[in-house]
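A.B. asks: Following this message is one structure expressed as C-alpha cells.
The values are calculated or read from the model by the stated rules, or taken from the named source; none is laboratory data. Being a predicted model, the structure only gives us computed values, none of them experimental. Here the Cβ positions follow ideal geometry from the backbone for every residue, glycine too, while neighbour counts run over all protein chains shown.
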Amino acid sequence: MNDILLEVQNLKTRFRTDDGTFLAVDDVSFNVKKGQTLGIVGESGCGKSVTSLSVMRLVQKPGHVESGKVLFKGQNLLELSDDRMRQIRGNEIAMIFQEPMTSLNPVYTVGDQIEEAILLHQKDLTKVQARERAIEMLRIVGIPAPEKRFHEFPHQLSGGMRQRVMIAMAISCNPELLIADEPTTALDVTIQAQILDLMRKLQKDFNAGMILITHDLGVVAEMCNEVAVMYAGRVVEFGTVEDIFYRPKHPYTRGLLDSIPHFETGHKLDQLKTIKGMVPSLYNLPKGCRFADRCPYAQDDCRQSYPSTENLRGIHKVACFHPLSDEVTK
C-alpha cells in the first residue's frame, strides 16, 4: 500500500469582504498517496483552487485559513513558520498555476526564473551548475533548443511552451508533491495531450504525488487514481476513478458525468444534458444540502439540514441523504 504523503483534515478557509464573510473551503478532507494522483473536480467557484492555495499557504487577504490540518509527511504545514514554509514551497511541494503568462515574470527570461528557483532551494549548487540544471529541465519537458530558449522571455514562447516552462520550474527541485491547477486550460487538444503525457511521465520518474485540479472529466479518467468532487466549498463525493465514473452516488456527480457528450456511430447526437440552475452564493447558502435546489432527487429532509458523509465501499464516501442506487447509476 502506498504511503500517505499529504493528509488534509477538516480544512476551512474564510474570506472577509465588505459584503460579508463566507467559507470558500468548508470542512474539506482528503489525502494524497506517493506516486498517485488525486483529481479535484467541480464547477467554477466550488473551492478547488482555494483548496490548493490553502495547502500551499498562499491564500491572500481578505482570505485566511480558519481551521483544520494540512499534514505533509506528518508535519502540519499550518503550524510552520513562514521561513520553514518557504523552504518547503517550491522544493518539496511545487505548484503549476493555471495561467503561465500571469505566473511568469515578463521582464526576466524563462531560464533566469528557473535558475532562481533552483538556487533558492539547492544551496549547494553554484550558479553555473544551476544554469546547467535549468537547461536540462527545459530539455526534460520537451522544449527544443533549450540553450536558446533559456535566454527568451515568456512573450516569445507559445502557450504550450510557457506551460512546459512552468512544469520545468515546478520539477526543478524534484518535489515530492506536485499541485497542478488547470494545467491544460486554453491549450489546444494536441498540446493538452502532450502536456498530460509529460506530467504522467515525470510523475512516474520522480514517484511524486499529484493533485490535479480540472473541469475536464476526460482528463480525470486518464490521469487520476482517486477523485474528490467539490460543490459550493465542500467535498460531496470521494472515491476511486472507478467509483466516481461507474458507481456515482451523488446526484451532482451524476450530473457532471451526464453533461459529457457521448458520440455514438450512426446515431444523431441528442440535446446535451445540463445541470439546471446555478451554484448558490457562498454569502447566502441554503440551510440544508447546497445542491438541493438543483437536484432532481431532492426531498424535504434535504432542505432541512446538511447530510453527513457516509462511508460506502472501500474509500468511497458520499454526503447525500438519498444516494443514487446502482440501477440509476448504470
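A.B. asks: So in the stretch 159-199, with the set limited to residues that are more than 16 Å from the chain's Cα centre (by Cα) and among the charged types (D, E, K, R), which one is surrounded by the fewest Cβ atoms within 10 Å (Cβ to Cβ)?
C.D. replies: Filtering the stretch 159-199 for residues that are more than 16 Å from the chain's Cα centre (by Cα) and among the charged types (D, E, K, R), the one surrounded by the fewest Cβ atoms within 10 Å (Cβ to Cβ) comes out as D188.
A.B. asks: From the list D293, D326, which one is in contact with a Pro (Cβ under 7 Å, 6 or more places away or on another chain) and surrounded by fewer than 18 Cβ atoms within 10 Å (Cβ to Cβ)?
C.D. replies: After applying the criteria, what remains is D293.
A.B. asks: Taking the stretch 164-198 on its own, how many of its residues are at pLDDT below 85 and within 15 Å of V32 (Cβ to Cβ)?
C.D. replies: So the count comes out to 0.
A.B. asks: Would you pick out the residues in the stretch 133-145 that are outside any helix (DSSP H, G or I), touching a residue at least 24 places away in the same chain (Cβ under 8 Å) and either under 13 Å from M199 (Cα atoms) or out of contact with any helix residue (DSSP H, G or I) (no Cβ under 7 Å at 6 or more places or on another chain) (or both)?
C.D. replies: Those that are outside any helix (DSSP H, G or I), touching a residue at least 24 places away in the same chain (Cβ under 8 Å) and either under 13 Å from M199 (Cα atoms) or out of contact with any helix residue (DSSP H, G or I) (no Cβ under 7 Å at 6 or more places or on another chain) (or both): V141, G142.
A.B. asks: What are the residue pairs meeting all of these: first residue in the stretch 104-115, first residue under 16 Å from I143 (Cα atoms), second residue polar (S, T, N, Q) and surrounded by fewer than 21 Cβ atoms within 10 Å (Cβ to Cβ), Cβ atoms under 7 Å, and 6 or more apart or on different chains?
C.D. replies: Listed pairs, sorted by first residue: Q113/N105.
A.B. asks: For residues that are more than 16 Å from L38 (Cβ to Cβ) and not small (G, A, S), scanning just the stretch 205-222, find the one that is surrounded by the most Cβ atoms within 10 Å (Cβ to Cβ).
C.D. replies: Checking each candidate, the answer is F206.
A.B. asks: Based on what the data block shows, is K148 assigned to a helix (DSSP H, G or I), surrounded by fewer than 22 Cβ atoms within 10 Å (Cβ to Cβ), out of contact with any helix residue (DSSP H, G or I) (no Cβ under 7 Å at 6 or more places or on another chain) and not hydrophobic (A, V, I, L, M, F, W, C)?
C.D. replies: yes
A.B. asks: If you don't mind, there's one more thing I want to ask. Can Q122 be described as free of Cβ contacts under 8 Å to residues at least 60 places away in the same chain and in contact with a Cys (Cβ under 8 Å, 6 or more places away or on another chain)?
C.D. replies: Yes.
A.B. asks: Follow-up question, since we're still on this one. Of the numbered conditions (1) buried (at least 17 other Cβ atoms within 10 Å of the Cβ); (2) at pLDDT 95 or above, R89 satisfies every one except a single condition; which is it?
C.D. replies: (2)
A.B. asks: Considering only the stretch 156-171, state which residues are of a type outside the set (A, V, I, L, M) and in a helix (DSSP H, G or I).
C.D. replies: Q156, G159, G160, R162, Q163, R164
A.B. asks: Of the residues S49, S44, which single one is surrounded by fewer than 16 Cβ atoms within 10 Å (Cβ to Cβ), within 26 Å of R254 (Cβ to Cβ) and touching a residue at least 60 places away in the same chain (Cβ under 8 Å)?
C.D. replies: The conditions single out S44.
A.B. asks: Shifting gears a bit: Under 6 Å by Cβ, and 6 or more places apart or on different chains, what pairs join a residue from the stretch 226-243 that is under 20 Å from L6 (Cβ atoms) with one that is aromatic (F, W, Y) and surrounded by fewer than 24 Cβ atoms within 10 Å (Cβ to Cβ)?
C.D. replies: Hits for this filter: A228/F30.
A.B. asks: Is it true that V32 is buried (at least 18 other Cβ atoms within 10 Å of the Cβ) and in contact with a Lys or Arg (Cβ under 9 Å, 6 or more places away or on another chain)?
C.D. replies: no
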